[in-house]
Each structure stands twice: as structure tokens, then as C-alpha cells.
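Each reported figure results from applying straightforward, stated rules to the coordinates on display, with no laboratory input. Quantities reported herein were computed from a predicted structural model and do not represent experimental measurements. Neighbour counts run over all protein chains shown; Cβ positions are idealised from the backbone, glycine included.
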């Protein structure tokens with residue numbers, strides 16, 4: 001079978017490669033625009049979801065005209081939580097004295113250390129370590 005020889009006139013090769021380059025460039029431009037549009041849509045979706053979740057968290061039920069509740073940031077570790085309570089030593093001492101007085105009145109023997117542990121637990125139970133719950 002004889003091979004067909006096809007001669008391309010001068011200048012047409014460049015036109016074909018120019019058309020191909022234009023198509024590839026257009027495809028890249030469309031892909032970039034779609035990527036930007038998808039990124040913006042995703043950002044809007046995530047932002048709206050976060051705003052909605054925050055609004056639900058702050059909602060005050062039963063009072064349609066009430067101001068939204070404030071969110072107070074909580075410390076992350078037990079040590080930070082213990083420092084954030086900041087109970088006055090006089091309050092702790094008063095609690096110990098009251099607990100010892102009530103124990104004596106009920107006929108229960110209680111040491112001062114046990115009373116202090118009980119008072120500290122009553123003031124902020126989430127700061128007690130495992131095994132230290134009185």
C-alpha cells in the first residue's frame with residue numbers, strides 16, 4: 001500500500017499550533033475561574049455554618065427579644081481552671097469551719113485536712129485529680 005504524502009502549505013502549521021495554544025489557554029483560564037468560584041463558595045458555606053452554629057449556641061429560649069447570651073472562654077487545662085476560680089482564702093476558711101462545726105454537731109469525726117478537701121471539692125469539683133475525690 002502506498003503511503004500518502006500530504007504536503008502542508010507553509011503557515012498552516014503555525015495556525016494549527018496557535019489554535020491549540022488558544023484552546024489550552026482557554027481551558028486553563030476556565031479551570032482557574034472554576035477553582036476560584038469553588039473556593040469562594042466553600043468559604044461562604046463554612047462561614048455561614050459557623051455563624052449559624054454560634055447563633056444557636058447563644059440563643060436564649062423563651063425570650064424572643066432577649067440579647068444573645070455571652071460566651072465566656074474556658075481555660076483548657078485543670079491547672080488553668082483552678083487558677084481562674086480564685087476563691088478568697090477567707091471563703092475557704094469559712095467553709096472549713098462550717099463543715100467542722102456541722103460534723104461535730106452530727107457526731108462525725110473529721111480532720112481539718114478532710115474538711116479542706118471537701119470544701120475545695122465543693123467550690124470547684126472539676127479541678128480534683130483522679131483518686132482525690134473525697
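Here are a few things to note about the model shown:
- For the peptides 61-70, 17-26, the ranking by packing is 17-26, 61-70, with the highest mean count of neighbouring Cβ atoms within 10 Å listed first.
- Potential lengthening of the chain between residue 104 and residue 71 amounts to 7.6 nm, from the contour at 0.36 nm per residue minus the alpha-carbon distance.
- Based on alpha carbons, the Rg and Dmax found for segment 12-71 are 24.3, 77 Å.
- Label separation (residue 37 vs residue 22): 2.3 nm, computed from points 7 Å beyond Cα along the C-beta direction.
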